[in-house]
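Below: one structure, written as structure tokens.
The values are calculated or read from the model by the stated rules, or taken from the named source; none is laboratory data. Source: prediction; values computed, not measured. Remember, those area values only see protein heavy atoms, side chains included, never the ligands or the DNA or RNA. Shrake-Rupley method; radii C 1.70, N 1.55, O 1.52, S 1.80 Å.
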Amino acid sequence: MSYSVLVADDSAIVRAMVKKALGMAGLDLGEVHEAADGREALDVLGRAWVDVVFADINMPIMNGLDLVRIMRETPALAATPVIVVSSDRSRAHMEELERCGVRAFVKKPFRPEQFREVIEGLLGPQRRNGDGR
């Protein structure tokens, strides 16, 4: 079973780093979608199946907190897990995200194994690749 993921971050470099880290984590990835802000993320979620969303908090046009709020209010998206990937360590932001249903956080800078741990914690273990990962 492969995971379809959405990476929402205003930095193209960070999106590329998250995608690379996901691959290095040994996860079986299907489609990997990208969005530069929360509005683009909602557009992707409206047209493609996504198993999990990785979202930054601080993005222009629509930030990660507003993205999560709208997802939770949208029946088709309410159960989609969101993992926040951010360098923002504001207690107020973290508490509000938890109230909105965010169950996992990966702090920047990150290591590939952190992604496997949080995805498997949310979605269950994935069959490992043939190389033992």
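These residues, 83, 61, go from largest to smallest accessible area, 1.4 Å probe, as 61, 83.
To put it simply, the accessible area of region 66-107 at a 1.4 Å probe is 49 percent carbon and sulfur. The average projected area of the chain, computed from the convex hull of its Cα atoms over all directions, is 7.4 nm².
Probing with 1.4 Å while keeping every protein chain in the model, the per residue accessible area of the chain equals 51 Å². Each Cα pair under 8 Å and six or more residues apart adds its sequence gap; the mean of these over the residue count of the chain is a relative contact order of 27 percent. In a fully extended conformation the segment linking residue 1 and residue 73 would gain 23.1 nm over its present Cα-Cα distance, using 0.36 nm per residue.
One chain, two ends: residue 24 and residue 98. Fully extended at 0.36 nm per residue, the span grows by 23.9 nm beyond their Cα-Cα distance.
Helix 112-123 and the longest principal axis of the C-alpha atoms of the chain enclose an angle of approximately 80°.
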